[in-house]
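The values are calculated or read from the model by the stated rules, or taken from the named source; none is laboratory data. Nothing here was measured: the structure is a model prediction, and the numbers come from that model. Here the Cβ is made from the backbone with ideal geometry for all residues, glycine too, and neighbour counts use every protein chain on show. For accessibility, only protein heavy atoms count, side chains too; no ligands or nucleic acids. Shrake-Rupley method; radii C 1.70, N 1.55, O 1.52, S 1.80 Å.
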Amino acid sequence: MTDSVVHEVLIRRDQVASIRRSTLISLPVGSMVGAIVMLVARRYGHGVLGGKWFAAIFIINIIRVILCITPLPPLAGEKGPSRRFAAFAGLSVEKYLHLFWITSLVSGLLWSLIFLFCNGYTTPQTVFYLTVVCGITAGAVTTGIAYAPVPISFTIPPLLSVIGCLLYAGGFNYNSLAATVLLYLIMLISVSRQSEASFRAASRLKNDASAMAESLKKAHTESVLIAEQMSHRATHDELTGLFNRTGFSKQVEKYAASGPATFCLMLLDLDGFKLVNDGFGHATGDKVLVEVSHRLREVLAGEFTVARIGGDEFAVFYAQQASGESPHVLATRLIAAIEAPYAEFDTSRVGVSIGIYQSQDVNIANMLTSADEALYAAKFSGRNRYRMFDEYLRERLSMKCDVERDLQRALSKKEVEVWYQPVFSIDGKNIINYEALLRWKHPTHGWISPADLVLIAAKAGHSEQLMSFIFDEVCGMIQTLRSLNLEHIWVAMNMSPRDVSNLPIDECVLNGLKVLNLPAQMLEIEVTEETAMDTISVQTKINRLSEVGVRIAVDDFGAGYSSLASLRKLSVNRIKIDRCFITGITESANDKILVQTILKLGQSLGLEVVAEGVETAEVLHLLRGFGCELVQGYYLGYPAPKQEIISRLQKLETQKSCTMTSNFHVNLQ
């Protein structure tokens, strides 16, 4: 219904309610007046007629009372009438008003018959009856202000009856009295209509105010609900319903005032979740996250604060005294729960690594940093592992903080260096290419590993600066090789998964080669096996480089989860067998089988295969027997700075020239 229709319905209901109240008040008075009229009629010889008249008045009053106590049809949201009023359930408000008008008219017609008791208002009792009629009609108008047809229909019949009788009697006095009654009737009709108009206006204002109040109440309720929802969303993860990072931090901070205790923070990172997203889609990935959250709730029932603080990273915080469970036992239970089979995919694809930090000091920033360091160590050691934050990790964390602080200065002052390690042919005599390796000797912590450098640079936001530095150094090495007429030797540089995914490596490399006019064939990009699997985000970049001649190699092959399809999609030229399979190959039959399998795989796909980590003559001899053609390791050549590499190359070239000259002289003789 429109607003105007709704307003009219509400006004009509107010009119009915007002008529009911006034009718229930006036009917007892009217009934008593009717009884007096009956007694007077009886006193003056009209007892039978007066009794019948009063009986009719009493019956119509009973009907009017029933109308007053009958429920109105319910509004939207209200309950319907009870069974005893079921017959009136279909009546509209307008029909109720119509019935009140009809019954008022009938009652008025009955009161108009009073002239029968006084011979047309000509007997001595006329004054009494006129007084009664005028009083009863005036009362009807004063009590029926809500709906004019009710008092008007009641007053017109008796007053017209009076006027008619007086005019019929004739004479100046009766005619004057008839005129006076007519004016009285006109006044009552006018007052009734004005009263109804005033009542409707007041009802409209009241309903408008009620509607506005209800609207404000509803708006307030909705605003409170929205505020609660916003507050919940601000502190909870929408997908899993767990706390998010903000909510988790707020919950943890509450423990700061709880008194001395040993608190434990666990950071959980899913192993293999990226492969689920890539292989089964993000919808399945979301199902995994929801299922993991359910399993965490089941295991961590009690005084635990659980949150999803990143894509596939969760956090657990609790007071050890309250839980009564050691972190070691709890971590083992969590690993077992999360690695259990999932219905949507192969169970071997998802596991969890856990970093654990214990402290009596609730400092959320420090706890997260320390637990994250333990998590990194756990992931480095393999799948489904946990690691406690200990003194060794504390020292490593201190080192990382110092390196993060000093790295940018070291890059600007070129304290960070690029060293080069050769890749040899299987005979160990011919250098095929060089691999660029980062080296930095920190003034406090000594030599920093390349993996730590890359990780710390990414955390500090220096990834692009570090990559540009390495690329510039590699380009300088390529220029030097060209100047020595060694264009058959190329240079490889490593790129981390984060760099390949987040940085415009294709633009940087192509623009750099073009500016320096360097051949693309003298540059090789080494990506990890993990990067090779991320074909969706890196395929375009890698293939664009491959199309112009840049060589592509997959490093640490065999340690991850790459597939033949990913190797073909990325146009890979070379795979490098992870050193963990080479180091112990002489004692491990499984490593021998795996290395031979990778060599055959490379041959069948037309890929070069490099064995990394060759550190003994025995290993070199074994690889030669397997048919491996390219090797790299300390047994053949250590990484060295650029100048040292250049000196070695110049020395080798001199030796070759001397050998060729000597052979030439021998041939002449």
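Points to keep in mind about this one:
- One residue stands out among those in region 256-299 that are more than 16 Å from ASP237 (Cα to Cα) and without any contact (Cβ under 8 Å) to a residue 24 or more places away in the chain: the one that is surrounded by the most Cβ atoms within 10 Å (Cβ to Cβ), which is ASN277.
- Among residues of region 158-183, those that are surrounded by fewer than 17 Cβ atoms within 10 Å (Cβ to Cβ) and within 17 Å of GLY108 (Cβ to Cβ), counted: 3
- Options GLY324, GLY302; residue that is free of Cβ contacts under 8 Å to residues at least 12 places away in the same chain and at positive phi: GLY324
- Of VAL491, VAL515, VAL538, VAL500, all but one fail to be of a type in the set (A, V, I, L, M), in a helix (DSSP H, G or I), at negative phi and at pLDDT 90 or above; the exception is VAL515.
- Count of region 86-101 residues, restricted to those that are without any contact (Cβ under 8 Å) to a residue 40 or more places away in the chain and either assigned to a helix (DSSP H, G or I) or in contact with a Cys (Cβ under 6 Å, 6 or more places away or on another chain) (or both), is 6.
- Spans of strands (runs of 3 or more DSSP E) in region 414-474 with at least 3 residues closer than 26 Å to TYR376 by Cα: 431-442, 446-448
- Scanning region 39-70 for residues that are open to solvent by 60 Å² or more (accessible area, probe 1.4 Å), more than 60 Å from the chain's Cα centre (by Cα) and of a type outside the set (D, E, K, R) yields a total of 9.
- Check on GLU253, under 19 Å from the mean Cα position of the chain (by Cα), open to solvent by 70 Å² or more (accessible area, probe 1.4 Å) and closer than 30 Å to SER293 by Cα: no
- Selection of first residues in region 229-245 that are farther than 14 Å from ASP312 by Cβ and of second residues that are open to solvent by 80 Å² or more (accessible area, probe 1.4 Å) and not polar (S, T, N, Q), restricted to Cβ pairs under 7 Å at least 6 apart or on distinct chains, gives the following pairs, ordered by first then second residue: THR235/LYS250.
- Test for TRP101: is it open to solvent by 60 Å² or more (accessible area, probe 1.4 Å), more than 60 Å from the chain's Cα centre (by Cα) and modelled with pLDDT of 90 or more: yes
- Condition met for LEU397 (at pLDDT 90 or above, in a helix (DSSP H, G or I), among the aliphatic types (A, V, I, L, M) and crowded, with 16+ Cβ neighbours inside 10 Å): no
- Residues within region 479-503 that are touching a residue at least 24 places away in the same chain (Cβ under 8 Å) and either closer than 20 Å to ASN543 by Cα or touching an Asp or Glu at 6+ places or on another chain (Cβ under 9 Å) (or both), tallied: 17
- With respect to being small (Gly, Ala, Ser), surrounded by 13 or more Cβ atoms within 10 Å (Cβ to Cβ) and more than 34 Å from the chain's Cα centre (by Cα), ALA202 fits the description.
- One residue stands out in region 104-135 among those that are hydroxyl-bearing (Ser, Thr, Tyr), surrounded by fewer than 18 Cβ atoms within 10 Å (Cβ to Cβ) and in contact (Cβ under 8 Å) with a residue 24 or more places away in the chain: the one that is nearest to MET38 (Cα to Cα), namely THR123.
- Hey, ILE36 assigned to a helix (DSSP H, G or I), of a type outside the set (Phe, Trp, Tyr), open to solvent by 80 Å² or more (accessible area, probe 1.4 Å) and more than 20 Å from TRP101 (Cα to Cα) or not: yes
- Exclusive hit being closer than 28 Å to MET212 by Cα, open to solvent by 60 Å² or more (accessible area, probe 1.4 Å) and at pLDDT below 90, set VAL5, VAL93: VAL5
- Of all residues making up region 353-370, the number that are over 12 Å from ARG394 (Cβ atoms), buried (at least 20 other Cβ atoms within 10 Å of the Cβ) and of a type in the set (Gly, Ala, Ser): 2
- Within region 179-199, residues that are among the polar types (S, T, N, Q) and in a helix (DSSP H, G or I) sit with their Cβ atoms under 6 Å from residues that are open to solvent by 60 Å² or more (accessible area, probe 1.4 Å) and modelled with pLDDT under 90, at 6+ positions apart or across chains, in these pairs: SER195/ILE145.
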